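The values are calculated or read from the model by the stated rules, or taken from the named source; none is laboratory data. This structure is a prediction, so every number in the text was calculated from the model and none was measured. Cβ coordinates were reconstructed from backbone atoms using ideal geometry, including for glycine residues, and neighbour counts include every protein chain displayed.
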Amino acid sequence: MKKTNLIFSFLLLFISSACSQNENYPPIQDFDESSFELVKIIDGIDIPWGLAFTDNDSFLVTDKKGILYHVSDSEKKIINGIPEIIFSRQGGLLDVAVDTNFKENNRIYLTASVSDSNNGSNTSLYSATLSEDNLTNLKQLYKATPDSQEERHFGGSILLKGQYIFFTIGDRGNRDVNPQDINLDGGKIYRLNLDGSIPDDNPFIGIDNSKEAMWSYGHRNPQGIVDGLNDDEIWIHEHGPRGGDEINIILDPKPGENPLNRNYAWPKATYGINYSGSEITKKRTLDGTIDPFYYWTPSIAPSGMAMIKDSQIYSDWSNTLLVGSLSFRYLERLVFDNSGIVKREKLFPRVGRVRDVNISPDGYVYISVEGEGIFKVLPK
């Protein structure tokens, strides 16, 4: 009887968590599937974690197990020379990005879980030159320390913006220490110059006992990052605990700003709860920290993100965020304005675990799906 009561209480807690979002945000809607066609470009990639275009019809894609592919003309080639990775539960070869001057320099960027000890691994950022089917001039730009035997929350997403590279590192499963300690890696967004040096106007430059590569802190496990709607912002999403996935907007520092206020609150405040159903904190917001722009309840396990500001191909998709869902196995479209999220749509339900979403240089949406391959979204 006691066991039955415990299960019933747990179900009530889950239902309460799952319904709470409808009080704050529009419910998700189905969309007209007859308006679009999913065309498979390539298959045979088990966990296509990251996707980046080298031109309109060619792209690089990582398999988390430790393989980098170059796909062109619907054929894939393995690229040799990737760093030695540690493939574990959530770790492995993660994101890939292509330099904005790729046609001139053939430079790419990678993130991966690697080790420089005998005690686990941590997230590392690399640059390299793509020379036919090989990587040359491999350079480690940043390595989070210390290594950890935790096999989760590596972050690893990359964004190139102007002369800077932004990248994410999750809290590495050490939520009560890393995200709120500015002297420790983990639970942070970072900004470097493209050569790996630290920009002299980073907000934490000169702050005692801080990681000067930091751009913001108090994050859990950011795995989506895009250029913002405005020039002075980037947008991220991050895996939260149950009922606490978030979209956050990170602004450029303002003159005189206290960098300690660039705090996104994890785990001091969250809309989520532990997976067991127990409480993390009573606080949903916290003075001196930045509230999420949006949060999902129930959690969708967001993975990959792309922003469409304006499109000639998808004419009704201006001011749209596209976010993959691992747990619900669809692509979610979120329409936003200055007030927040105003519409949600469920695209391609049951397509599979959408791992990444990206936009080709000529404006087409591509999605990568675990165990299925890479698909192009074509309007009919």
Unmet criterion (only one of (1) charged (D, E, K, R); (2) within 16 Å of Ser124 (Cβ to Cβ); (3) surrounded by 24 or more Cβ atoms within 10 Å (Cβ to Cβ); (4) out of contact with any Ser or Thr (no Cβ under 8 Å at 6 or more places or on another chain)) for Glu150: (3)
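Go through the stretch 161-177 and give me each residue that's among the basic types (Lys, Arg) and out of contact with any Asp or Glu (no Cβ under 6 Å at 6 or more places or on another chain). Even if it seems obvious, please write down each step before you answer.
Step one: list which residues in the stretch 161-177 are among the basic types (Lys, Arg), which gives 161, 172, 175.
Once the filter is applied, which keeps residues that are among the basic types (Lys, Arg) and out of contact with any Asp or Glu (no Cβ under 6 Å at 6 or more places or on another chain), the stretch 161-177 yields only Arg175.
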Where a residue in the stretch 189-211 is within 12 Å of Leu141 (Cα to Cα) and its partner, wherever it lies, is at pLDDT 95 or above and among the charged types (D, E, K, R), with Cβ under 7 Å and at least six apart: Gly196/Lys139; Ile198/Glu212
Pairs with Cβ under 7 Å, 6+ apart, first in the stretch 324-341 and under 18 Å from Gly304 (Cα atoms), second outside any strand (DSSP E or B) and of a type in the set (Gly, Ala, Ser): Ser325/Ala301; Leu326/Ala301; Ser327/Ser299; Ser327/Ala301; Arg329/Gly352
Single residue of Ile158, Ile169, Ile108 found to be more than 19 Å from Leu68 (Cβ to Cβ) and aliphatic (A, V, I, L, M): Ile169
The stretch 283-307, residues that are over 16 Å from the mean Cα position of the chain (by Cα), surrounded by 18 or more Cβ atoms within 10 Å (Cβ to Cβ) and either of a type outside the set (Ser, Thr, Tyr) or under 18 Å from Asn358 (Cβ atoms) (or both): Ile290, Pro298
Some residue of the stretch 215-234 being more than 21 Å from Gly340 (Cβ to Cβ), out of contact with any helix residue (DSSP H, G or I) (no Cβ under 6 Å at 6 or more places or on another chain) and aliphatic (A, V, I, L, M): no
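Matching residues to (1) touching a residue at least 12 places away in the same chain (Cβ under 8 Å); (2) polar (S, T, N, Q); (3) part of a loop (DSSP other than H, G, I, E, B):
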site	(1), (2), (3)
Glu150	yes, no, yes
Thr168	yes, yes, no
Arg172	yes, no, yes
Asn178	no, yes, yes
Leu184	yes, no, yes
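Please verify whether Phe14 is within 20 Å of the chain's Cα centre (by Cα), hydrophobic (A, V, I, L, M, F, W, C) and either under 30 Å from Tyr275 (Cα atoms) or at pLDDT below 95 (or both), treating the condition exactly as stated. Even if it seems obvious, please write down each step before you answer.
Values: within 20 Å of the chain's Cα centre (by Cα): no; hydrophobic (A, V, I, L, M, F, W, C): yes; either under 30 Å from Tyr275 (Cα atoms) or at pLDDT below 95 (or both): yes.
No.
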